[in-house]
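My structure is below; once you've seen it, I'll send some questions.
The values are calculated or read from the model by the stated rules, or taken from the named source; none is laboratory data. Computed from a predicted structure; not experimentally measured. Counting neighbours? That spans all protein chains shown, and the Cβs are built from the backbone with ideal geometry, glycine included.
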Amino acid sequence: MRIEVLGLDKHFKNVHAVQDLSFTVEPGRVTGFLGPNGSGKSTTMRLMLGLDNGSGQTLFDGKKLTAHSPVTRTVGAHLDAKFFHPKRTAYSHLRMLGAEAGISKARVNEVLQLVGLESVAKKRPGGFSLGMGQRLGLAGAILAEPQVLMLDEPANGLDPQSIQWLRDFLKFYASTGKSVLVSSHLLSEMQLLADDVVVIARGKLIAAESMSKFLGRSSGSAVVVRAGEATRLGQLLHNMGIESTANGLNTLTITNQTTDRIGEVAYANGIKLSELSSQTASLETVFLELTDSGQEYRLGGEAK
Amino acid sequence: MAAVVYEWRRLWSVRATWVMSVVYLGVTALLGGGPLYLGDPGMRVQTWKGLYSTNGNVLCLVMLSVVASQFFGHEYRYGLIRLTLSEFPARERVLVAKTSVLAAYVTIMTFVGWSVLGMIGALAPEGRISTSGVGLNLSGGQPSDMWQVLVFGFAYCVLAMSITMITRNLALGVVLPLLTATLIEGLVQGFSSLSNGKLDWLVNALPFVNGNAWLGKAPDSPNAGLIFAAWIVGAYLIATLSFFKRDA
């Protein structure tokens, strides 16, 4: 199911929290939703679900969410790890959430087992850890096997094994043709998980594109070539208008080019290559480059 | 219908509902049975109608109002409103479901309360239930019809739920109607008596003064039912507006 976010806008008194935000979330892909603290990620998700009042609209396969029935088979949302009544058992919580889609008791038990909470199904979640709360929230979101999963910081409080499980699960979920929108500030994790990224800062859209294209934005992305005739290759590239930097005796670093293009030039001129590799910037590097000025709350007393 | 099932499961899957329901029946039994056995022997005679009006008393209704306040109180306190509205984005569905389930809950509890009072009456010593009964009537007004007890109870709970919706505070939903009915209106009436009738208009506009006058079909207050209804409907409309206009 394709999600189209069209011109979402939201004010909180004097704060313009979300500013004319538009992007799409494609089916069959995991879309990472990134932004600094206070950038408007959670507000955007709430606007998408109609929980907050604002302007703009969100269409799910061309229709508003209210036009879908049952809604829980369309969108499963997990917005906070503590959204449960502390005295209502995990099992009862899911039974309640399953009412709209007519979820069976067997499916509730199946989901509890899937998220690893079957042993505490009849326990009150007031004493659950943050990680267990995340699992319960995720269980609620996937209960009706929705076409769209929207998860707000689902990896917070999870141990490394659980994070790996979550990553595998979300990738599998998307591979079945469903849409997954997941916000996180665990950038290394997001780099492993997301196919596409939507980046916002101060409520404005910074980027909405594939992960590979986003990583290519960084000045740190480059092609590294090692060859015995590195100097000749550098001269040839220079003659073609491609600048390179000598990095040691036999190594060149070339920005804004692909390995395919450099390989073609070397092959056409009979230059034997010892190494031809792509040096990609980390998501963290690109993210910080693009959102540095858009940080709402800054450490070190340099608040803007 | 799914929203009603959701609310029904939500209602009965927390212990507080069960506890308050049992306490409601216990208080009803105590207040209904007490006058048949305790106090001045001359007062130990009750009418059936007087006995069955016991659970229209605010001291009983406050237990139901705790449950009524939970309908939105727990939602806001624990952030569950966002789960609820994610599942039912059309807010009117949520409001209708909650109000319907509240009506069902109050109806069931009132009938169960009447059953308890019926058993107490049946077990009472010979002669204690009589048409000439003068026993303690804890309601402000002796109801002329039993359905009024049910409607009054539901109205009281709707007021509690509405205040919770407006304030997003469960405790205020319970305390404000209780204080108004038991203390504030009494104080206003006291001040009015000291003001040589200058504040009569205010007394005549108070919700529970009118509610009790309506229960007893007081001949000097023909519009009491309308004024009481205006308070309840007004509070409910403000609550509805705030529910629709504010962020979840």
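Could you tell me which numbered condition A:Asp260 fails, if it satisfies all but one of (1) at pLDDT 90 or above; (2) of a type in the set (D, E, K, R); (3) in contact with a Leu (Cβ under 8 Å, 6 or more places away or on another chain)?
The failed condition is (3).
Take the residues in region A:149-192 that are among the β-branched types (Val, Ile, Thr) and more than 13 Å from A:Phe33 (Cα to Cα); name whichever of them is nearest to the chain's Cα centre (by Cα). Show your work before the answer.
Within region A:149-192, the first condition is being among the β-branched types (Val, Ile, Thr), and the residues that meet it are A:163, A:176, A:180, A:182.
Pick out the ones that are also more than 13 Å from A:Phe33 (Cα to Cα) and you get A:163, A:176.
On the way: A:Ile163: 14, A:Thr176: 18 Å.
That would be A:Ile163.
Can you pull out the residues in region A:236-280 that are aliphatic (A, V, I, L, M) and in a loop (DSSP other than H, G, I, E, B)?
Just the residues of region A:236-280 that are aliphatic (A, V, I, L, M), to begin with: A:236-237, A:240, A:242, A:246, A:249, A:252, A:254, A:262, A:265-266, A:268, A:271, A:273, A:276.
A:Met240, A:Ile242, A:Leu249, A:Ile271, listed by residue number.
Continuing with the same structure: Residues that are farther than 26 Å from B:Val209 by Cα, away from chain A (no Cβ under 14 Å) and not small (Gly, Ala, Ser): find the helices (runs of 4 or more DSSP H) completely inside region B:1-102 holding 3 or more of those. Reasoning before the result, please.
Working: elements: B:2-12, B:15-37, B:48-52, B:58-77, B:80-87.
In region B:1-102, the matching helices (runs of 4 or more DSSP H) lie at B:15-37.
If A:Ile3 satisfies all but one of (1) modelled with pLDDT under 95; (2) more than 8 Å from chain B (Cβ to nearest Cβ); (3) under 27 Å from A:Leu158 (Cβ atoms), what's the number of the condition it fails?
Evaluating A:Ile3 over (1) modelled with pLDDT under 95; (2) more than 8 Å from chain B (Cβ to nearest Cβ); (3) under 27 Å from A:Leu158 (Cβ atoms) leaves (1) as the failure.
Is there a residue in region A:210-222 that is of a type outside the set (Lys, Arg) and more than 30 Å from A:Glu153 (Cβ to Cβ)? Can you show your working first?
Keep residues of region A:210-222 that are of a type outside the set (Lys, Arg), which gives A:210-212, A:214-216, A:218-222.
The next check asks that each one be more than 30 Å from A:Glu153 (Cβ to Cβ); those that pass are A:222.
Yes; the residues of region A:210-222 include at least one that is of a type outside the set (Lys, Arg) and more than 30 Å from A:Glu153 (Cβ to Cβ).
Then there's this: Of all residues in region A:47-73, count the ones that are under 21 Å from A:Ala101 (Cβ atoms), within 8 Å of chain B (Cβ to nearest Cβ) and either in contact (Cβ under 8 Å) with a residue 24 or more places away in the chain or in a loop (DSSP other than H, G, I, E, B) (or both).
Number of matching residues: 6.
Let me ask something else. Collect the residues in region A:122-141 that are hydrophobic (A, V, I, L, M, F, W, C), more than 19 Å from A:Phe33 (Cα to Cα) and buried (at least 19 other Cβ atoms within 10 Å of the Cβ), keeping them in residue-number order. If you could, list the steps in order and put the result at the bottom.
Kept after step one, since they are hydrophobic (A, V, I, L, M, F, W, C), are these residues of region A:122-141: A:128, A:130, A:132, A:136, A:138-139, A:141.
Now narrow it down to the ones that are more than 19 Å from A:Phe33 (Cα to Cα): A:128, A:130, A:132, A:136, A:139.
Passing the criteria: A:Phe128, A:Met132, A:Leu136, A:Ala139.
Right, something else. Run A:Phe214 past the list (1) assigned to a helix (DSSP H, G or I); (2) more than 25 Å from A:Pro36 (Cα to Cα) and report the number of the one that doesn't hold.
(2)
Working carefully through the options A:Leu166, A:Leu181, find the one that is modelled with pLDDT of 95 or more, buried (at least 21 other Cβ atoms within 10 Å of the Cβ) and within 21 Å of A:Leu283 (Cβ to Cβ). Spell out how you get there, then give the answer.
On the way: A:Leu166 fails: modelled with pLDDT of 95 or more.
Result: A:Leu181 is the single residue among A:Leu166, A:Leu181 that is modelled with pLDDT of 95 or more, buried (at least 21 other Cβ atoms within 10 Å of the Cβ) and within 21 Å of A:Leu283 (Cβ to Cβ).
Please give the number of the condition A:Pro125 fails out of (1) within 11 Å of chain B (Cβ to nearest Cβ); (2) within 26 Å of the chain's Cα centre (by Cα); (3) at pLDDT below 95.
Tallying (1) within 11 Å of chain B (Cβ to nearest Cβ); (2) within 26 Å of the chain's Cα centre (by Cα); (3) at pLDDT below 95, A:Pro125 fails exactly one: (2).
If the requirement is being crowded, with 16+ Cβ neighbours inside 10 Å and over 26 Å from A:Asp195 (Cα atoms), which of these qualifies: A:Gly35, A:Gly40, A:Gly54, A:Gly76? Walk me through how you get there before you give the answer.
On the way: A:Gly35 fails: over 26 Å from A:Asp195 (Cα atoms); A:Gly40 fails: over 26 Å from A:Asp195 (Cα atoms); A:Gly76 fails: over 26 Å from A:Asp195 (Cα atoms).
None of the other options fit; the residue is A:Gly54.
Restricting the search to region A:89-127, which residues are assigned to a loop (DSSP other than H, G, I, E, B) and within 22 Å of A:Pro146 (Cβ to Cβ)?
Listed by number, the residues that qualify are A:Gly98, A:Ala99, A:Glu100, A:Ala101, A:Gly102, A:Ile103, A:Ser104, A:Val115, A:Gly116, A:Leu117, A:Ala121.
Something else about it: Which number in (1) crowded, with 17+ Cβ neighbours inside 10 Å; (2) farther than 30 Å from B:Tyr78 by Cβ; (3) out of contact with any Leu (no Cβ under 9 Å at 6 or more places or on another chain); (4) among the polar types (S, T, N, Q) marks the one condition that B:Ser192 misses?
(3)
Still on this structure: Only one of B:Trp231, B:Trp214 is more than 14 Å from chain A (Cβ to nearest Cβ), out of contact with any Pro (no Cβ under 8 Å at 6 or more places or on another chain) and touching a residue at least 24 places away in the same chain (Cβ under 8 Å). Can you tell me which?
Going through B:Trp231, B:Trp214 in turn, just one is more than 14 Å from chain A (Cβ to nearest Cβ), out of contact with any Pro (no Cβ under 8 Å at 6 or more places or on another chain) and touching a residue at least 24 places away in the same chain (Cβ under 8 Å): B:Trp214.
So A:Val108 passes all but one of these: (1) over 30 Å from A:Phe287 (Cα atoms); (2) away from chain B (no Cβ under 14 Å); (3) surrounded by 15 or more Cβ atoms within 10 Å (Cβ to Cβ). Which condition number does it fail?
A:Val108 satisfies every listed condition except (2).
Restricting the search to region A:26-46, which residues are within 15 Å of A:Ser184 (Cβ to Cβ) and more than 14 Å from chain B (Cβ to nearest Cβ)?
Answer for region A:26-46, where residues must be within 15 Å of A:Ser184 (Cβ to Cβ) and more than 14 Å from chain B (Cβ to nearest Cβ): A:Val30, A:Thr31, A:Gly32, A:Phe33, A:Leu34, A:Gly35, A:Pro36, A:Asn37, A:Ser39, A:Lys41.
Sticking with this structure for a sec: Give B:Met161, B:Met165 a once-over and let me know the one that is touching a Lys or Arg at 6+ places or on another chain (Cβ under 9 Å) and modelled with pLDDT of 90 or more. Give the derivation first.
Values: B:Met165 fails: touching a Lys or Arg at 6+ places or on another chain (Cβ under 9 Å).
Going through B:Met161, B:Met165 in turn, the sole match is B:Met161.
Something else about it: Hey, could you check region A:76-91 for residues that are in contact with a strand residue (DSSP E or B) (Cβ under 7 Å, 6 or more places away or on another chain) and more than 7 Å from chain B (Cβ to nearest Cβ) and say which is farthest from B:Tyr76 (Cα to Cα)?
Checking each candidate, the answer is A:Gly76.
Starting from region A:175-195, keep only residues that are over 17 Å from A:Asn156 (Cα atoms), then list their pairs with residues that are assigned to a loop (DSSP other than H, G, I, E, B) and not acidic (Asp, Glu) whose Cβ atoms are within a distance under 6 Å, requiring at least 6 positions of separation or different chains.
Partner pairs satisfying both residue conditions: A:Gly177/A:Pro27; A:Gly177/A:Gly28; A:Lys178/A:Gln147; A:Ser179/A:Met1; A:Ser179/A:Pro27; A:Asp195/A:Arg29.
Matching residues to (1) in contact with a helix residue (DSSP H, G or I) (Cβ under 9 Å, 6 or more places away or on another chain); (2) surrounded by fewer than 20 Cβ atoms within 10 Å (Cβ to Cβ); (3) not β-branched (Val, Ile, Thr):
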{"position": "A:Ala194", "(1), (2), (3)": "yes, no, yes"}
{"position": "A:Val197", "(1), (2), (3)": "yes, no, no"}
{"position": "A:Val225", "(1), (2), (3)": "yes, no, no"}
{"position": "A:Thr231", "(1), (2), (3)": "no, yes, no"}
{"position": "A:Gly241", "(1), (2), (3)": "no, yes, yes"}
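Here's the yes/no breakdown for (1) within 14 Å of chain A (Cβ to nearest Cβ); (2) modelled with pLDDT of 90 or more; (3) surrounded by 13 or more Cβ atoms within 10 Å (Cβ to Cβ):
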site	(1), (2), (3)
B:Val175	no, yes, yes
B:Ile184	no, yes, yes
B:Phe208	no, yes, yes
B:Ser221	no, no, yes
B:Ile227	no, yes, yes
B:Phe244	yes, yes, no
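For the list (1) touching a Ser or Thr at 6+ places or on another chain (Cβ under 7 Å); (2) closer than 16 Å to A:Val199 by Cβ, I need the number of the one condition that A:Leu6 fails.
Answer for A:Leu6: the failing condition is (2).
Could we say that A:Val115 is at pLDDT below 95, crowded, with 21+ Cβ neighbours inside 10 Å, away from chain B (no Cβ under 12 Å) and over 25 Å from A:His11 (Cβ atoms) here? Let's see the steps before the verdict.
On the way: at pLDDT below 95: yes; crowded, with 21+ Cβ neighbours inside 10 Å: yes; away from chain B (no Cβ under 12 Å): yes; over 25 Å from A:His11 (Cβ atoms): yes.
Taking the combined requirement at face value, the residue satisfies it.
Here is a further query. On the basis of being touching a strand residue (DSSP E or B) at 6+ places or on another chain (Cβ under 9 Å), crowded, with 20+ Cβ neighbours inside 10 Å and either facing another protein chain (nearest Cβ under 10 Å) or without any contact (Cβ under 8 Å) to a residue 24 or more places away in the chain (or both), does A:Lys10 make the cut? Before the answer, list the steps.
Details: touching a strand residue (DSSP E or B) at 6+ places or on another chain (Cβ under 9 Å): yes; crowded, with 20+ Cβ neighbours inside 10 Å: yes; either facing another protein chain (nearest Cβ under 10 Å) or without any contact (Cβ under 8 Å) to a residue 24 or more places away in the chain (or both): yes.
Yes; evaluated as a whole, the condition is true for this residue.
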